[in-house]
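The structure appears right after this line, and notes come after that.
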Number of protein chains: 2
Amino acid sequence: MWPGIRLLRRPLSTLSARGLVYEKHGEPLQVLRLQNLEVPSPGDYDVRVKILAAPINPSDINMVQGTYALLPELPAVGGNEGVGVVAEIGNHVTSVRPGDWVIPVDAGLGTWRTEGLYNESSLVRVPSDIPVVGAATLSVNPCTAYRLLSDYETLRPGDSIIQNASNSSVGQVVIQIAASLGITTINVVRDRSDLSSLVQRLHDLGADHVITEDVLRKPEMKELFKKCPRPKLALNCVGGKSTTEMLRHLDYGGTMVTYGGMAKQPVTIPVSALIFKNVKLCGFWVTQWKRDRAHNREEVTKMIRDLSDLIRRGKLVTPPSTEWPLQDFAKAMRDAQTPFLSRKQILIM
Amino acid sequence: MWPGIRLLRRPLSTLSARGLVYEKHGEPLQVLRLQNLEVPSPGDYDVRVKILAAPINPSDINMVQGTYALLPELPAVGGNEGVGVVAEIGNHVTSVRPGDWVIPVDAGLGTWRTEGLYNESSLVRVPSDIPVVGAATLSVNPCTAYRLLSDYETLRPGDSIIQNASNSSVGQVVIQIAASLGITTINVVRDRSDLSSLVQRLHDLGADHVITEDVLRKPEMKELFKKCPRPKLALNCVGGKSTTEMLRHLDYGGTMVTYGGMAKQPVTIPVSALIFKNVKLCGFWVTQWKRDRAHNREEVTKMIRDLSDLIRRGKLVTPPSTEWPLQDFAKAMRDAQTPFLSRKQILIM
């Protein structure tokens, strides 16, 4: 399932590839080394890709640390997301051509490298007329947000949804996709010193209502629901009390989808909400979703097309980001692990 | 939605109906009175029913106490379940004839009475060749068990399910229906002094595995899963720790359906079970299920037919019960509220 890598132990005069390799799990700054990599010629179904840009996501860091639900065989190249340009294809490859931009549809491909060899089935084409950073950050967070809004409740213009961690990468995309569809968003955020600027920023993205977690317990919610219907869908990335409070406002028969657990606390639901309010709970993991569609790409390609369209039309903006040359990866890792920084750290190859 | 009742304030020489009436909510023994009732002639869509037998369920008692999710207009006749024989029908009634046995398909009909007038749509025919007590106790617990096993996961012979409160009325029917379908049941019960006789009794009903709640946390579970696959479906009537422990054994992608909350504690799920094990949670309430099908009786009649067949073939036994003449209702109520008695109290009219 995981592409093996071959480390070059001896120096070569012409080295086409370098990558951030870890031979054991641990803190990224301690275990990641920038190493030379051998990139073999493509087999029949392989695609050689020159990586253009790759972000550092929290799940990438967890994977290096060894705490993620999916772990590669070691040694491995870090990074699960990014965009590259096809350099060379195998004889039987039909879905992409040299010059095409591609993004991964499987996790664990190791995108923190200048060049890699991938199986055709683990890549999908992305239009090359959208910004590099937009394409490099498309396959995890925007895909998650898209599926959360598509797969659980039939949402029509005027319907509303509620989400916590609304300032997360996924949360910001949820706001933008929902706004483009005329769906009202109720966005829960943690209280903080610069709350008003955060609220303004989310409103600028298209958020209808931005509230802090303690407001969920207050009579202000009644006033809010005079302005919009109760949400049919709740998106949960937190867990614990925040989630239980959010659930209370869900409409009869609504669904709460959990896609993260930032609070590191379980989800607690009153029995009466299940029986008498008929709420449903489930989870979403974009990696599994894509794996389940390894042999049928229709939904994947439609999603990439829709998201690229939104980017092109300015309805989905590229996340605030800082770009780093690959050799400065240590600084990039440090900033990626700094809380409340709210900027995506991107490695440029 | 609720049929009004008319109390006879003046004595009549010929009184055809008596019923257990409460004019305010409270403890059944304090608020229920055996009173004379007027039963008007049927309107075009009405059915006059002579009640044969009606059980006392926990939800009936909660309704009298005023703590249930559905409450009737007062004064009301108690009881939500039972079987009766059609005495007279209105001009436009087509689904039943005089002499037919009928059971309620809506809650709140007030079955603790000798005779009542009901709308055709609130009744469904039941075969009269099954035992009276079987018919009188068909519409709540067996219907719940049937739907729990039918509506959430596609279960095939050899598949397994897990349930807690396995000794409850619903639990016992789950065991029997599952056994008739070749589905393996893992039945969790609370530890008690007469555990071995309970285990034997559930095995006699067709239970494959009977375990106490503390075993859920023990390595014995590993041994158990060498004998049967992990359950695709978990049926929860408890809440709290019991439920979280049960959930841990659910198969990837499985569903936990909550239909009761005996422990009066919420359901707690680890975030990872939702995201990485893809478990789904929902609730079931038979009253709402039937109301949602008020205009399409196909599923209801199929279910009644299937359950009656099981009773007729001896695959679904009538619950252990004690029958009481209506005038002894006070003793029946007392026994119905006695914990661990494990007998259904039935009023015979």
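Every number here is computed from the coordinates shown, using simple stated rules; none is lab data. Source: prediction; values computed, not measured. Every residue, glycine among them, receives a Cβ derived from its backbone with ideal geometry; neighbour counts consider all protein chains shown.
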May I ask you to give the average projected area over all directions of the convex hull of the Cα atoms of segment A:148-193, in nm² rounded to one decimal?
3.3
Could you name the lysines in cross-link range of B:K24, using Cα to Cα under 24 Å and dropping any fewer than eight places away on the same chain?
B:K331
Cα-based Rg and Dmax for the protein assembly as shown, where Dmax is the largest Cα-Cα distance (Å)
30.9, 115
Going by how many other beta carbons lie within 10 Å of each one, how would you line up A:V132, A:V271, fewest first?
A:V132, A:V271
Return the single residue from A:A135, A:A332, A:A69 with maximal mean-square fluctuation; model: Gaussian network over chain A, springs between Cα atoms under 10 Å.
A:A69
Of A:L202, A:V170, A:S160, which is farthest towards the positive pole of segment A:158-211's charge dipole, taken about the Cα centre with +1 and -1 on the beta-carbons of Lys, Arg and Asp, Glu respectively?
A:V170
Rounded to the nearest 5, what % of DSSP beta bridges with both residues in chain B are antiparallel?
55
Once you charge only the Cβ atoms, +1 for Lys and Arg and -1 for Asp and Glu, what is the size of the charge dipole of chain B about its Cα centre, to the nearest 20 debye?
440
If you build a Gaussian network model of chain B, linking Cα atoms that sit under 10 Å apart, which residue out of B:T154, B:T144, B:T185 swings the most?
B:T154
To check you understand DSSP bridge types, tell me what percent of the beta bridges within segment A:56-199 (both residues inside) are antiparallel, rounded to 5.
60
Most fluctuating residue of B:F225, B:F329, B:F284 in a GNM of chain B with Cα springs under 10 Å: which is it?
B:F225
Per residue of A:275-287, what is the mean number of Cβ atoms on other protein chains within 10 angstrom of that residue's Cβ?
6
Partners for A:K344 among aspartates and glutamates (Cα-Cα distance below 12 Å; same-chain residues under 8 apart left out)
A:E323, A:D335
Find the all-direction average of the projected area of the Cα convex hull for segment B:100-228, expressing the result in square nanometres with one decimal place.
10.3
Using 1/(1 + (r/R0)^6) with R0 = 22 angstrom and r between the beta carbons of A:R230 and A:L195, what's the FRET efficiency to the nearest 0.05?
0.35
Ratio of alpha-carbon Rg to the 2.2 N^0.38 Å globular estimate for chain A, to two decimals, please.
1.03
Using all Cα-Cα distances in segment B:199-337, what percent lands in each 5 angstrom bin from 0 up to the longest?
2, 7, 11, 14, 17, 17, 16, 10, 4, 2, 1, 0
With only helices counted (DSSP H, runs n ≥ 4, each -39500 (n - 2.57)), the per-residue ellipticity at 222 nm for chain B, to the nearest 500, works out to -8000 deg cm²/dmol
Express the C-alpha Rg of segment B:7-106 as a ratio against the empirical globular expectation 2.2 N^0.38 Å, rounded to two decimals.
1.16
Normalising by the residue count of chain B, find the relative contact order in percent from Cα pairs under 8 Å and 6+ residues apart.
16
For the cross-link pairs A:K277/B:K50; B:K280/B:K315; B:K227/B:K277; A:K222/A:K280; A:K264/B:K280; A:K222/B:K277, which exceed 25 Å when the distance is taken from alpha carbon to alpha carbon?
A:K277/B:K50; B:K280/B:K315; A:K222/B:K277
Say each of B:K264 and B:Q65 gets a label point 7 Å from the Cα, pointing the same way as Cα to Cβ; how far apart are those two points in nm?
0.8
With 10 angstrom as the radius, rank B:H295, A:H209 by how many other C-beta atoms surround their C-beta, starting from the fewest.
B:H295, A:H209
